[in-house]
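Visitor: Sharing a structure here in structure tokens format.
The values are calculated or read from the model by the stated rules, or taken from the named source; none is laboratory data. Owing to the predicted nature of the structure, the values given are computational and were not obtained by experimental measurement. Cβ placement follows ideal geometry from the backbone for every residue including glycine, while neighbour counts extend to all protein chains displayed. Surface accessibility is based on the protein's heavy atoms, side chains included, excluding ligands, DNA and RNA. Shrake-Rupley method; radii C 1.70, N 1.55, O 1.52, S 1.80 Å.
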Amino acid sequence: MEKHCTNSQVKGVSTGTTILAATFNGGVVICSDSRASIGGEYVSSKTINKVIQVHDRIFCCMAGSLADAQAVIKAAKYNLSFHSVQMESPPLVIAAASVLKELCYHNKDELQAGFITAGWDKKKGPQVYVVSLGGMLVPQLVTIGGSGSTYIYGYVDAKYKPNMSREECLQFATNALALAMGRDNVSGGVAHLVVVTETGVEHVVVPGNKLPKFHDE
């Protein structure tokens, strides 16, 4: 006999931990921690990279249901690849964010996934966009998401400055992740950071024991 489980019996794997993106003078930093959780209590994986490349200079961070987010990103990567062939040029960052927005909006009753999209293009330079769970698209200079973000809104508001240098923005993002990971029970592991500029893409991984410490743990 086939058995069916209700939503109250099964909790999906979530990536709602800590994600962040910020623009600086000439580029953008997008980053996340590396944990996935079930029900906001049990850490199911310590090695998830939530910073996903959807095109050459466009990345996104995912929050919400891991299965939903992976399905949306897979569809978005296919659409952007087809779009770039049609246009005979790399897609714009807003185009990538719009694809994610359309996928989230048209499937909002079935999906539980939100995204931060960030990257660089020749038309507008560095950009950051938030795609909400229901499919709303909002441009931002800096944005945070996930369960760990609730602990760092004050830090982000106080410390972020437009047109920071690359080094300042990297330190700002690393500090923000470290603060969230130190307080949130399902944020942790390593910090995955990606720097996107006109000249290319740089991946930075900061091990947990190398992150800044702001209080005794």
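Visitor: Looking at the range 157-177, which of its residues are open to solvent by less than 10 Å² (accessible area, probe 1.4 Å) and out of contact with any Phe, Trp or Tyr (no Cβ under 7 Å at 6 or more places or on another chain)?
Guide: A173, L177
Visitor: Here's something else I'd like to know. What are the pairs with Cβ atoms under 6 angstrom where one residue, in the range 135-164, is at positive phi and the other, located anywhere, is at pLDDT below 95 and surrounded by fewer than 19 Cβ atoms within 10 Å (Cβ to Cβ)? Sequence gap at least six, or different chains.
Guide: Note: pairs meeting the criteria are G135/Y105; G135/K108.
Visitor: Now, a different point. Report whether or not H203 is within 21 Å of H55 (Cα to Cα) and in contact (Cβ under 8 Å) with a residue 60 or more places away in the chain.
Guide: no
Visitor: Further, regarding this structure: Only residues that are modelled with pLDDT under 90, out of contact with any Asp or Glu (no Cβ under 6 Å at 6 or more places or on another chain) and within 18 Å of V156 (Cα to Cα): list them for the range 183-206, please.
Guide: Within the range 183-206, R183, D184 meet the criteria.
Visitor: If you don't mind, there's one more thing I want to ask. Give the residue that is farthest from the chain's Cα centre (by Cα), with candidates limited to residues of the range 187-217 that are open to solvent by 90 Å² or more (accessible area, probe 1.4 Å) and of a type in the set (D, E, K, R).
Guide: D216
Visitor: Then there's this: State whether the residues of the range 38-50 include one that is open to solvent by less than 10 Å² (accessible area, probe 1.4 Å) and not basic (K, R).
Guide: no
Visitor: Has the range 207-217 got at least one residue that is outside any loop (DSSP other than H, G, I, E, B), under 16 Å from I19 (Cα atoms), modelled with pLDDT of 90 or more and in contact with a helix residue (DSSP H, G or I) (Cβ under 8 Å, 6 or more places away or on another chain)?
Guide: For the range 207-217, residues outside any loop (DSSP other than H, G, I, E, B), under 16 Å from I19 (Cα atoms), modelled with pLDDT of 90 or more and in contact with a helix residue (DSSP H, G or I) (Cβ under 8 Å, 6 or more places away or on another chain): absent.
Visitor: I'm trying to understand the selection: among the residues of the range 106-132, which are within 13 Å of the chain's Cα centre (by Cα), modelled with pLDDT under 95 and of a type outside the set (A, V, I, L, M, F, W, C)?
Guide: Of everything in the range 106-132, those that are within 13 Å of the chain's Cα centre (by Cα), modelled with pLDDT under 95 and of a type outside the set (A, V, I, L, M, F, W, C) turn out to be G114, S132.
Visitor: Within the group Q86, Q53, which residue is open to solvent by 60 Å² or more (accessible area, probe 1.4 Å) and at pLDDT below 90?
Guide: Sole residue among the options that is open to solvent by 60 Å² or more (accessible area, probe 1.4 Å) and at pLDDT below 90: Q86.
Visitor: Note down all Cβ pairs under 6 Å where the first residue falls in the range 85-101 and is farther than 17 Å from K74 by Cβ, the second is surrounded by fewer than 18 Cβ atoms within 10 Å (Cβ to Cβ), and they're at least six residues apart or on different chains.
Guide: P90/D56; P90/S84; L92/K123
Visitor: Collect the residues in the range 103-146 that are of a type in the set (S, T, Y) and in contact with a helix residue (DSSP H, G or I) (Cβ under 8 Å, 6 or more places away or on another chain), keeping them in residue-number order.
Guide: Across the range 103-146, the qualifying residues are T117, Y129, S132.
Visitor: Assess whether G135 counts as being more than 16 Å from the chain's Cα centre (by Cα) and either at pLDDT below 95 or under 22 Å from V54 (Cα atoms) (or both).
Guide: Against the criterion (more than 16 Å from the chain's Cα centre (by Cα) and either at pLDDT below 95 or under 22 Å from V54 (Cα atoms) (or both)), G135 does not qualify.
Visitor: Here's a follow-up. Which pairs have Cβ atoms under 7 Å, sit 6 or more apart or on different chains, and link a residue in the range 178-196 that is in contact (Cβ under 8 Å) with a residue 24 or more places away in the chain and under 17 Å from N49 (Cβ atoms) to one that is crowded, with 21+ Cβ neighbours inside 10 Å and acidic (D, E)?
Guide: Hits for this filter: M181/D33; S187/D33; G188/D33; G189/D33; A191/D33.
Visitor: Quick check: is even one residue across the range 145-156 closer than 18 Å to N49 by Cα, polar (S, T, N, Q), at pLDDT below 95 and open to solvent by 10 Å² or more (accessible area, probe 1.4 Å)?
Guide: Yes: the range 145-156 contains one or more residues that are closer than 18 Å to N49 by Cα, polar (S, T, N, Q), at pLDDT below 95 and open to solvent by 10 Å² or more (accessible area, probe 1.4 Å).
Visitor: Follow-up. Of the conditions (1) open to solvent by 40 Å² or more (accessible area, probe 1.4 Å); (2) within 24 Å of G27 (Cα to Cα), A96 satisfies every one except a single condition; which number is it?
Guide: If we test A96 against (1) open to solvent by 40 Å² or more (accessible area, probe 1.4 Å); (2) within 24 Å of G27 (Cα to Cα), just (1) comes out false.
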